[in-house]
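One structure below.
The values are calculated or read from the model by the stated rules, or taken from the named source; none is laboratory data. For clarity, every value in this text was computed on a predicted model and none was experimentally measured. Positions of Cβ are generated from backbone atoms using ideal geometry, with glycine treated the same way; all protein chains shown enter the neighbour counts.
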């Protein structure tokens, strides 16, 4: 009997679907691994995964033959840009989008039963001028911690 595979592929796609439904397409682009040539002012990108696996030991009450305890973090990167010098407005929009990401995960912390638990773990914001100084940019990284059993 083959060991079950990681839940990462399924959960990452479930997070994409969840966020695409929670964030109106007219307000932001929700994508996997960053946008293509389409560069709207607001981008929500489901990207990197940092995974740890601990092999289980078959015991009474264990997960069965070949089970593993899987914990990982999925990073959701939010980029908000506005032309001109509207730093506070850009920051507030990034916070609003991060709040939507966090609320979507808190509303269904098991991803419809795919995992034991998922929760927003940390959100970092960084504001700066765009490289060409055409406007303000705020980048937020929302880390979603996931606990699953294979």
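Yes or no, residue by residue, for (1) within 30 Å of residue 86 (Cβ to Cβ); (2) in contact (Cβ under 8 Å) with a residue 12 or more places away in the chain; (3) surrounded by 12 or more Cβ atoms within 10 Å (Cβ to Cβ):
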{"position": "99", "(1), (2), (3)": "yes, no, yes"}
{"position": "103", "(1), (2), (3)": "yes, yes, no"}
{"position": "115", "(1), (2), (3)": "no, yes, yes"}
{"position": "122", "(1), (2), (3)": "yes, yes, no"}
{"position": "129", "(1), (2), (3)": "yes, no, yes"}
{"position": "136", "(1), (2), (3)": "yes, yes, yes"}
{"position": "140", "(1), (2), (3)": "yes, yes, yes"}
{"position": "150", "(1), (2), (3)": "no, yes, yes"}
Check your understanding: In this structure, is residue 80 surrounded by 15 or more Cβ atoms within 10 Å (Cβ to Cβ), at pLDDT 95 or above and touching a helix residue (DSSP H, G or I) at 6+ places or on another chain (Cβ under 7 Å)?
Key -> yes
Check your understanding: If you go through segment 90-107 one residue at a time, do you hit one that is in a loop (DSSP other than H, G, I, E, B) and over 13 Å from the mean Cα position of the chain (by Cα)?
Key -> no
Review point. Scanning segment 39-64 for residues that are at pLDDT 75 or above and part of a loop (DSSP other than H, G, I, E, B), which turns out farthest from residue 98 (Cα to Cα)?
Key: 39
Study note, to complete from the structure: Residues of segment 2-37 being assigned to a helix (DSSP H, G or I) and loosely packed, with under 15 Cβ neighbours inside 10 Å, in sequence order, are 9, 10, 13, 17, 21
Practice item. Exactly one condition in (1) within 20 Å of residue 5 (Cβ to Cβ); (2) at pLDDT 95 or above is not met by residue 137; state its number. Key: (1)
